[in-house]
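Accompanying notes for the structure given below.
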Amino acid sequence: MPYHSILFPSPAQEAQAKRCPWLALCVRRPGKDALFETRGNKTFPVSKHHLTNLPRIPALFADTGLDTVLDIVLPDADDALHGVYYALATDAATVRYRQEILRALEDADTADHILSFCRAVEGAARTIADGQTVHHASQSDKYAVDGAVAYCDAIRTLLAGAHRQPLPAEGLASFVRAVRAYADTPAYRQTEALLHKTQAAVEAISFSLKIRKGKVLVCPGDTSGDLIRETRDDLIPLQDTPAQNPPQPIRLFGELAFGPLGNLIADALEKQHPEPFALLHTAAAQAQAIIEPFIRTFAREIRFYTSYLDVVRTLRESGLPVTYPAIADDDTVCIDGAYDMGLALQPVSVVPSDCRLSTAERGIIITGANHSGKTTYLRAIGQIAALTALGLPVPCAAAKLPVFTGFFSHFSDAEEGDARQGRLKEELVKLKPILQSAGAGSLVLLNEMFSSTTVQDAQTMADRMIGGLAAKGARVLCVTHTAGDIPPRFVSMVAQVAPGSHERLYTVVRAPAETHAHVDALIAKYRLTYTQVKERIAHDV
Amino acid sequence: MMFDLLFQPAPPGASRCTGGLTDDLRLDVLLDAMAAGDARTAQACRQVLLAPLTDAQAIAARREVRGDITAHPKLFSTLLTSAREAMDAADRYAEFQKPRYDHIISPQKKLLTEITIAKQSLKILRRMHAAVTAEHAAFGSGAVTALADTIIRLFSAENVKRMEARLAMLDSLKLSDDLTLSASVGDGLKPAHVVLNTLARPMAGRRRLTEAGIPIALSSVGLIRNAEEIVQSAVTPLLQTVAEFSKSLRDFFNTLSFQLGFYLGCIRLQNRLRAIGVPLCEPDIDDACGGMESDVLCSAGLALQEGRIPMGNAVRFREKRLVVITGVNQGGKTTFLRGVGQAQLMAQCGMFVAAQTYRCPLYRGIYTHFPSGEDTARGAGLLDVELRKLSSIVDCIRPHSLLLLNETFQTTMPADARYMAEITVRALTDSGVAVVFVTHLYAYAAAAYARHQPDTLFLRAERAGTVQKAYVLREGKPYSSAAGDDLYREVLGGY
């Protein structure tokens, strides 16, 4: 298959990934700095009603905490790469394509090989761009030639390395094939030869500068005498071990462009050596546009993988497992030891949990005491599902799950606590597109829905919602504390609490739904059952 | 290191707890005698004294060096004064090197200053070389031999001549900023592999050689500034080299001044004590001896203050973990304590000791706790201050150290004091600290005496009737009264 991009095996798959309808379900979430706005020299807190200029993040990312993870992975806020993360693949082939590349990049030698190539290409592009800002024609040309030579050398090194040791991943191998095809064309070879010849000719020029009173003379090169070395040899300091550093080499013209004197010196050199400079002007014209777009794009897009791999390394160093998920064809989900990546990166110690769903089980209802890790569990599973679709390794010990074709989430802002009249309506309005678009192969994450109404209503509405989604074939994970009966084909899981001490254990396991059990134990602990209260009050009379 | 006469394992200042040692042991008196008014010597002696050695070999090495220097006092005095002279000269020029707010000193000017300093240092080194070669001595200690060899080898006449010639050549920068550089073309057309070929030499005659090459007239401010920048970039590595050289010479002089200052101070002290007639001896370091043993131990400080030989005491601390000293006021207890402290400190610094014989182990540290009435403690009671000081000593002290307590716990009621004393002293001795405790807490001392422990020694400043046995401590049961009565009658008579 011909090389298309390092991110997608073929154009069709790329188009499909970008077409996901659920991407339109975005939220505006203020980042940490967007809570204040600066006008002039005063700073004002921004109320939530004025959040007009905030970036739109897919709701799934915001809810599962992947946006904070992304901030850590891509600290420089490169918007183009953020977009890559939002384009979740929907087919197993892309996922396998990416996983292969990641596994190849985990090998230090391959990573080194590819990354040094990318760094060299980016450096070359920078040199050529910098050179274009310089006014002096010959200097600008020289920068262009320098950058172009660096670019050609990088390509040669890449091809030589790949020849010695072929690359294991299909994506990387096909890229190298494409580069080889590009570098084998006679036009490229000719340009490369011209560039090398030009650089050699220009850099062979040697000259000497004689600085005298009122003038500077540019003369032919003179190799007699290195005053600094002679001085060092004569004035041997008293240390017995020559531990001192050699003196700094002399560096003239520290800035990008020459100053006025430099320009005149360059002009003098051109007058003295006309042929190399003529060659320089010819070669520069070809050098300016030499960098091939697909190579430049590769150098940029490879950072999608490498920056994520840096985060993976951090997690592994703190002892947490990160693995490549296997793609299940049969709609079963089997995740062991999952944890919330956002928390782990904070760093906060995390407790792993499992998630197993057979084909017949269409969803999970999660209950438990307050602050016992239910939402975190939901986030962890959501992260794993999304990262699987991105082809990236996931935060758990082992995983086998299908590639979901739709991702929807609804995490109510239960922490806000100010129940306003329109909240229920707002919530229902937000849920409507989920019900409309979810279908077979979708994953829906619901967290504490309908918390702004009576328990009875919330239960009825939730049952209807979940039933509707399940009927359409979506997988639903729902956290609630108003469980009535568990819907058919759903599994109940509970966030554990230690029985004696009511200490949150933060693991989520399969168990019958608990909504009051922990409260009973608490009541017993403090002797507040009905009979006990009566007795105690009577006794005190 | 170029040479080392002091054999200190760690840089001085590593021991954190010697803050009060100088005051408590009245080391100032000793230091004044050693320095004879010279501030640098005093500083060097103080730093060395406050960092006693813990390695017998190092102490032996210092003794050897001291022997050599005592045998050739004139030579080492000459070396010391020469080194000081060089340091003074460099300090004078330091003014010129300081960055100023109103203008930047160019590298060329800095280089010229460094060259001047280096030239002066070389003159002095020449003198040192002559002095050492003239002495023609065979030195007994390895360290001094190494120093002499270094001077002879590195500062031989031809070496110095070569260095002076090179500096003279660089001095031509005084005349003009002319120089010649060669380079090849590098990245972005900028010069690469730049080599400084020569500085301009003064023109031989009137004839001006026409030099081939394309001239660029420096006709605008921008061009002149660019040219100056080029000159400065070229001169900077030269400046670095000469500055490094100068600095290494300065370090050499500093070390020489510091280390020789200490040894010459020792010799001065020795001469003064001998003149007074104080018995001096070389200490016998024996780590297995379990405690100090000495005959006629005197307090060197007291001798210097009074100008006559003080009373000597016998010291038999062998196998003793705790020594309790009680007795009459002004009976010489504190003086004795100070004498012990000074002697041990001097022994562990490789010096002589003011006694007829002296044998001691090596303590890992010497600590003192002399609560003084002049504590300007505001807001904290005197007891608080005492305890805080004791606590900071306990932070630093380690097993097998020596702790001298002078009337500690005196600032509170006797019952409380006895209680605290028993706890802390037992804790310290059980941790392996040798404690010498001068105290008026009779109850504490009597109780300790009654326990009859073999590792505790009780000394007392004697009295017999109304005449005090002058300043000699003898072994004996603690007195119940310190004869304050006698003193009262003596001073206030019939009132």
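At a glance:
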read-out	value
Scan of region A:102-147 for residues that are of a type in the set (D, E, K, R) and within 23 Å of A:L279 (Cβ to Cβ), ordered by number	A:D130, A:D141, A:K142, A:D146
Candidate set: region B:96-113, residues that are assigned to a helix (DSSP H, G or I) and open to solvent by 60 Å² or more (accessible area, probe 1.4 Å); chosen: the one farthest from the other protein chains (Cβ to nearest Cβ)	B:F96
Unmet requirement for B:L238, which otherwise passes all of (1) more than 22 Å from A:I250 (Cβ to Cβ); (2) assigned to a helix (DSSP H, G or I); (3) at the interface with chain A (Cβ under 8 Å from one of its Cβ atoms)	(1)
Pairs where the first residue, in region B:55-68, is closer than 15 Å to B:L260 by Cα and the second is open to solvent by less than 50 Å² (accessible area, probe 1.4 Å) and among the hydroxyl-bearing types (S, T, Y), C-beta under 6 Å, 6+ apart	B:E64/B:S141; B:V65/B:S141; B:R66/B:Y263; B:D68/B:S141
Unmet requirement for B:V315, which otherwise passes all of (1) part of a strand (DSSP E or B); (2) open to solvent by 10 Å² or more (accessible area, probe 1.4 Å)	(2)
Flag for B:L256 being over 30 Å from A:L217 (Cα atoms), within 14 Å of chain A (Cβ to nearest Cβ) and not basic (K, R)	yes
Extreme residue, most open to solvent (accessible area, probe 1.4 Å), among residues of region A:251-271 that are facing chain B (nearest Cβ under 7 Å) and assigned to a loop (DSSP other than H, G, I, E, B)	A:R251
Matching strands (runs of 3 or more DSSP E) fully within region A:418-534 where at least 1 residues are at pLDDT below 80	A:490-497, A:504-510
Selected residue [at the interface with another protein chain (Cβ under 7 Å from one of its Cβ atoms), surrounded by fewer than 18 Cβ atoms within 10 Å (Cβ to Cβ) and either in contact with a Ser or Thr (Cβ under 8 Å, 6 or more places away or on another chain) or assigned to a strand (DSSP E or B) (or both)] from A:T231, A:T223	A:T223
Residues of region B:245-275 classified as over 17 Å from B:Q47 (Cβ atoms) and of a type in the set (A, V, I, L, M), total	4
Residue count for region A:272-301, restricted to those that are open to solvent by 40 Å² or more (accessible area, probe 1.4 Å) and of a type in the set (A, V, I, L, M, F, W, C)	5
Checking A:S307 against (1) open to solvent by 10 Å² or more (accessible area, probe 1.4 Å); (2) more than 30 Å from A:A124 (Cβ to Cβ), the condition it does not meet	(2)
Any hit, region B:319-337, residues being under 22 Å from B:A56 (Cβ atoms) and among the acidic types (D, E)	yes
Test: residue in region B:339-349 that is crowded, with 19+ Cβ neighbours inside 10 Å, in a loop (DSSP other than H, G, I, E, B) and modelled with pLDDT of 90 or more	yes
Cβ-Cβ under 8 Å pairs, at least 6 apart or on other chains, region A:190-215 side farther than 22 Å from B:V195 by Cβ and more than 10 Å from chain B (Cβ to nearest Cβ), far side open to solvent by 40 Å² or more (accessible area, probe 1.4 Å) and among the β-branched types (V, I, T)	A:L194/A:T282; A:T198/A:T282
Of all residues in region A:443-476 being of a type in the set (K, R) and open to solvent by 30 Å² or more (accessible area, probe 1.4 Å), the one that is farthest from the chain's Cα centre (by Cα)	A:R464
So B:E422, is it free of Cβ contacts under 8 Å to residues at least 60 places away in the same chain and more than 28 Å from the chain's Cα centre (by Cα)	yes
Test: B:T116 is in a helix (DSSP H, G or I), without any contact (Cβ under 8 Å) to a residue 24 or more places away in the chain and within 24 Å of B:R92 (Cα to Cα)	yes
Residues that are away from chain B (no Cβ under 14 Å) and open to solvent by 20 Å² or more (accessible area, probe 1.4 Å), drawn from region A:112-138	A:D112, A:H113, A:L115, A:S116, A:R119, A:A120, A:E122
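The values are calculated or read from the model by the stated rules, or taken from the named source; none is laboratory data. From a predicted model like this one, the values you see are computed outputs, not experimental measurements. Methodologically, a virtual Cβ is constructed for each residue, glycine included, from the backbone with ideal geometry; neighbour enumeration extends over all protein chains shown. Note: accessible area is taken over every heavy atom of the protein model, side chains too, but ligands, DNA and RNA are not part of it. Shrake-Rupley method; radii C 1.70, N 1.55, O 1.52, S 1.80 Å.
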